[in-house]
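The values are calculated or read from the model by the stated rules, or taken from the named source; none is laboratory data. As the structure is a prediction and not an experimental result, all values here were calculated from the model. Cβ placement follows ideal geometry from the backbone for every residue including glycine, while neighbour counts extend to all protein chains displayed. What goes into the accessible areas is simple: the full protein's heavy atoms, side chains included, and nothing from ligands, DNA or RNA. Shrake-Rupley method; radii C 1.70, N 1.55, O 1.52, S 1.80 Å.
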Amino acid sequence: MKRGEKAGKLHLIGNAHIDPVWLWTWREGMAEARSTFKAALERIGERDNFVFTASSARFYKWLEETDPEAFEAVRRQAAAGRWSIVGGWWVQADCNLPCGEALARQGLYGQRYFLSRFGIAARIGYNVDSFGHCAQLPQILKKCGMGNYVFSRPAAHEKALPEAFVWRAPDGSAVNAYRIPHGYESNTVGDLEAKLEKYRADGNGGARMLFYGAGNHGGGPTREMLNRLDGVVRAGNAEYSSPDRFFAERASPANAGDMLPEIAGELQRHAVGCYSAHSEIKKQNRKTEAALLAAEKWSAAAERAAGRPYGADELAGAWERLLFNQFHDALGGCSIPSVCGELLRAYGAARDAAERESVFAVQRIAAGLDTAKGLPPWEAKAKLGTPVAVFNPLSFEAERDVRIRRLCGGGRRYRAVSPSGESCPVQETEGEHLFPDSKDGLFRAKVPPLGYALYYVRELSARAGNTAGRGGTDGSPADSAAGAGGVRAYREPDGIPARSLTPVYGDTVMANGRLTARIDGRTFLVKGVYDGELKRELLGGTLRAVVLDDGGNDTWAHDVSDGAHVKNNRLGVWSSCNEFLGSDIGAFEGVSAEITECGELRCVVRCVSVYGGSKLVQDYALYAGGDALRVSATLDWREKHKTAKIAFPSAVPVSVLTCEAPYGYAARPCDGRENVGHRWACVHGGDGGLCVVNDSKYSFSASGGELRIAAARSALYADHGGIRGGERPFLDWGAQTFSYAVSGFSGAPDFARAAKTAEAFNAPFETVFEGYHAGERGDTESFLYVSAENVLVSAVKRAEDGNGHIVRAYETAGKATPCEIRFFGAAAALAFAPHEIKTVRFADEKAAETDMLES
């Protein structure tokens, strides 16, 4: 304690950290939560002063559903002040990997459960074991009714922080934060004694919290622990307490002069391996989030536009599955194989429910379209073509590929006609089937915000052969193909230049009028992308897949390289977290490049590369008028203790890596350390840089002028200490698919544009292949309008109380912005602060701001 500093009270926080899944499945987690809660009730009954603290609405609901008598006892003790409800979330989620709206739903579903069962909402945010905390969390917590926050990671050796501080979000929102010193559990009396000694020795003054009780697999405080702490309480200046009491003391008039230091921004980093562990869990998380948000929008739109009942129960059940799956050891990918299998099944159930809701909702709207235009079906087909209604869930106009299966083949050619009469090319493309007489058709549809556009696909009378060029890479004549829309692909001829004995292998080139991508004829790797509008090369080297030796890390990226990790704690590794995923040991080598498709819409070149027993197939696509090189990748990964990364070297100097984060973005230095990110990432300097969007990855790094995305990481499952040898399952073994797109920019990065590009890249459009019928709806319609380019709508849903609909939006450029949002004609005039998240209730043709709890 510092001289002159008064001794604060030691608040003894009895708790039991419960991992509902990790080294055990949810069935065991449910049983452990129930037995832990009943044991805590026993301790309360044995002592007059003991207080128990517990988070996670999911645990309480489990108890309510399996042991109603014990649940009623918990309610009584909560009302008496002996049971402290904290957290206000469904579970203690990962606080980096979920999208911003999912974090808001943790609060919405958790707090509304507590209000409905206990008549109170938690006032303390509580994620004591989560692996880092995004910058917008204080804003989300405040708007979910929580002005205080308790956490423990990153620990003191990972990030220097005061024990207690004011934590401020980019929009200015702030909560009182407390980082737990010396851990949140004590599994034995010996652990508790050692913790008490650390508190005596570390010299910190002021009010503090000491957390005790067996944890991870539950358990909680034992009689022996309480007998030991009774002596601490009798000695004075300590009491059995709760986080609520602690923060109340900090805020009391007696401590009014104690000014807490202020910390702004994200709290990182811990367990960086969890940003990339288990690619399929990460992918399904991204896809399920997008599917649920789209389903809510379409269900709300169909309710307003077509009178279809909103799918409240189905959507709520799907959200509960998703939120549970975002528990930090689950979404972090560091659980045992049995748990990971259960998680994927739960993602599948939630995603299926969401997609079914979307399909039924949009088909209800589509049933009201006038597709026949007063003509009988046979005449409508001949004169109009086949009606295809395309639905866009985004809050801005967007273009998206529309695939019509088995449309093309036999020389048949088609056009798609938009609602405005514009004729769009329909390009023949590979399908998922192997029928030789038919292929899929692809066209690009432009659709208004949260709305639809009705296209008609017509067969042209003139027939022509297939425009796709195919050819090998064995020195055969140059392949060449060109579309009428200015997209072309060709292979330059091989040869031996004059006065040289060195042969030249012809490059494969794609061009669309703006971008020219060049694939090396010898290495079959992309060696350049020239942007004609920016008038410069985008890449400073080869776009390639590099391989890193990750053998010195366990699943979490704890350092297990030399045995020095076995110290300081019972599990041996927490004090030695790495911030890197190993060092380069090689790269995939190209073996072929082939032009697989070229027409008016796009050109595609397929490149195959290999490393060890692994194979990477990447389809590089340039679209007519596009500003990005789009890539669809299939990776069959077979390596052990290695990481594969896609590397994007920048042609201009870059010093900052900025990644999308929940409801915002975070800037970090280009120092090679692993960083968490979401759908987009930019590396930039004074002269511009590169921007990459993706559909399923979360782990990014940058150094030496190069941005990298972790594509696959083969750590062992749940390896918490560097076990090696034997035949064990590895993460990410087998085939996976992912997509990304790279573009360039000059000057300062446009984060609002990056957010929109990434949102469109990930959004699930719906397509309805409609029949011919009369209807009252027009060929195109939009149900949502947002006036500002830097405001994105993340959610449109029915209000939880059934009174109207909720629209949530956030500012994406970091600048104060006036914005009008209209939903089915009702308008809200809003003033966004930089990085602000706003929630608006639309009811009775009126709009009013509310909080995330819709209170």
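Does the range 675-687 contain at least one residue that is at positive phi and either open to solvent by less than 20 Å² (accessible area, probe 1.4 Å) or in a loop (DSSP other than H, G, I, E, B) (or both)? Among the residues of the range 675-687, not one is at positive phi and either open to solvent by less than 20 Å² (accessible area, probe 1.4 Å) or in a loop (DSSP other than H, G, I, E, B) (or both), which makes the answer no. Candidates in the range 381-399 are the residues that are buried (at least 20 other Cβ atoms within 10 Å of the Cβ) and closer than 16 Å to Arg415 by Cα; of these, the one that is farthest from the chain's Cα centre (by Cα) is Thr386. Among the residues of the range 823-843, the ones that are open to solvent by 10 Å² or more (accessible area, probe 1.4 Å) and closer than 22 Å to Thr757 by Cα come to 4 in all. Within the range 822-836, residues that are farther than 22 Å from Ala169 by Cβ sit with their Cβ atoms under 6 Å from residues that are open to solvent by 30 Å² or more (accessible area, probe 1.4 Å) and assigned to a strand (DSSP E or B), at 6+ positions apart or across chains, in these pairs: Arg822/Tyr785; Ala826/Ala847; Ala827/Glu820; Ala828/Ala847; Ala829/Glu820. One residue stands out in the range 353-412 among those that are in contact (Cβ under 8 Å) with a residue 24 or more places away in the chain and of a type in the set (Phe, Trp, Tyr): the one that is nearest to Glu781 (Cα to Cα), namely Phe391.
Matching residues to (1) hydrophobic (A, V, I, L, M, F, W, C); (2) touching an Asp or Glu at 6+ places or on another chain (Cβ under 6 Å); (3) not in a loop (DSSP other than H, G, I, E, B):
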position	(1), (2), (3)
Thr737	no, no, yes
Val768	yes, no, yes
Leu792	yes, no, yes
Glu800	no, yes, no
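Taking the range 632-673 as the range and being within 15 Å of Glu266 (Cβ to Cβ), open to solvent by 50 Å² or more (accessible area, probe 1.4 Å) and in contact with a Cys (Cβ under 7 Å, 6 or more places away or on another chain) as the test, only Tyr665 passes. Contact annotation: residue pairs with Cβ atoms under 6 Å, 6 or more positions apart or on different chains, pairing a residue in the range 662-676 that is more than 20 Å from Arg286 (Cα to Cα) with a partner that is part of a loop (DSSP other than H, G, I, E, B) and open to solvent by 30 Å² or more (accessible area, probe 1.4 Å), are Cys670/Ser655; Arg673/Glu579. Residues considered: Ala748, Ala702. Of these, the only one that is touching a strand residue (DSSP E or B) at 6+ places or on another chain (Cβ under 8 Å) and open to solvent by 30 Å² or more (accessible area, probe 1.4 Å) is Ala748. Listed by first and then second residue, the pairs with beta-carbon distance under 6 Å, at least 6 apart or on different chains, first residue in the range 774-789 and closer than 14 Å to Arg364 by Cβ, second of a type in the set (A, V, I, L, M, F, W, C), are Gly775/Leu369; Arg777/Leu369; Phe783/Ala301; Phe783/Leu450; Phe783/Phe824. Picking from residues in the range 146-193 that are without any contact (Cβ under 8 Å) to a residue 40 or more places away in the chain and of a type in the set (S, T, N, Q), the one that is surrounded by the fewest Cβ atoms within 10 Å (Cβ to Cβ) is Thr188. Residues in the range 421-430 that are without any contact (Cβ under 8 Å) to a residue 12 or more places away in the chain and polar (S, T, N, Q): Ser423 only.
Filtered by the rule that a residue be of a type in the set (Asp, Glu) and free of Cβ contacts under 8 Å to residues at least 24 places away in the same chain, the range 837-850 gives Glu845, Glu849.
In the set (1) within 30 Å of Pro393 (Cα to Cα); (2) in contact with a Leu (Cβ under 8 Å, 6 or more places away or on another chain), the condition left unmet by Leu267 is number (1). Within the range 200-244, take every residue that is touching a Lys or Arg at 6+ places or on another chain (Cβ under 9 Å) and assigned to a helix (DSSP H, G or I) and give me the one that is surrounded by the most Cβ atoms within 10 Å (Cβ to Cβ). Filtering first and then ranking leaves Pro243.
For the condition assigned to a loop (DSSP other than H, G, I, E, B), in contact with a Cys (Cβ under 9 Å, 6 or more places away or on another chain) and at pLDDT 95 or above, Trp24 does not qualify. Consider Asn216 carefully, then state whether it is on the phi > 0 side of the Ramachandran plot and within 37 Å of the chain's Cα centre (by Cα). Yes: the conditions hold for Asn216. Candidates are the residues of the range 436-470 that are small (Gly, Ala, Ser) and surrounded by fewer than 17 Cβ atoms within 10 Å (Cβ to Cβ); the one that is modelled with the highest pLDDT is Ser438. Taken over the range 400-425, the criterion of being in a loop (DSSP other than H, G, I, E, B), open to solvent by 20 Å² or more (accessible area, probe 1.4 Å) and within 30 Å of Val793 (Cα to Cα) is satisfied by Pro419, Ser420, Gly421, Glu422.
Okay, residues lined up against (1) open to solvent by less than 30 Å² (accessible area, probe 1.4 Å); (2) under 30 Å from Ala169 (Cα atoms); (3) out of contact with any Lys or Arg (no Cβ under 8 Å at 6 or more places or on another chain); (4) among the acidic types (Asp, Glu):
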| site | (1), (2), (3), (4) |
| --- | --- |
| His11 | yes, yes, no, no |
| Ile44 | yes, no, no, no |
| Val51 | yes, no, no, no |
| Gln92 | yes, yes, yes, no |
| Leu97 | yes, yes, no, no |
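Just the residues that are part of a helix (DSSP H, G or I), touching a strand residue (DSSP E or B) at 6+ places or on another chain (Cβ under 6 Å) and crowded, with 23+ Cβ neighbours inside 10 Å, please, taken from the range 329-371. Of everything in the range 329-371, those that are part of a helix (DSSP H, G or I), touching a strand residue (DSSP E or B) at 6+ places or on another chain (Cβ under 6 Å) and crowded, with 23+ Cβ neighbours inside 10 Å turn out to be Ser358, Val362, Ala366. Can you name every residue in the range 287-311 that is more than 13 Å from Ala354 (Cβ to Cβ), open to solvent by 10 Å² or more (accessible area, probe 1.4 Å) and touching a residue at least 60 places away in the same chain (Cβ under 8 Å)? Hits for the range 287-311 are Glu303, Arg304, Ala305, Ala306, Tyr310.
Taken over the range 718-733, the criterion of being under 25 Å from the mean Cα position of the chain (by Cα) and within 19 Å of Cys577 (Cβ to Cβ) is satisfied by Ala718, Asp719, His720, Leu731. Among the numbered conditions (1) part of a loop (DSSP other than H, G, I, E, B); (2) over 13 Å from Leu10 (Cα atoms); (3) over 24 Å from the mean Cα position of the chain (by Cα), the only one that Ala194 does not meet is (1). Per this entry, Leu629 is not counted among residues that are open to solvent by less than 20 Å² (accessible area, probe 1.4 Å), under 21 Å from Phe700 (Cα atoms), within 23 Å of the chain's Cα centre (by Cα) and at pLDDT below 95.
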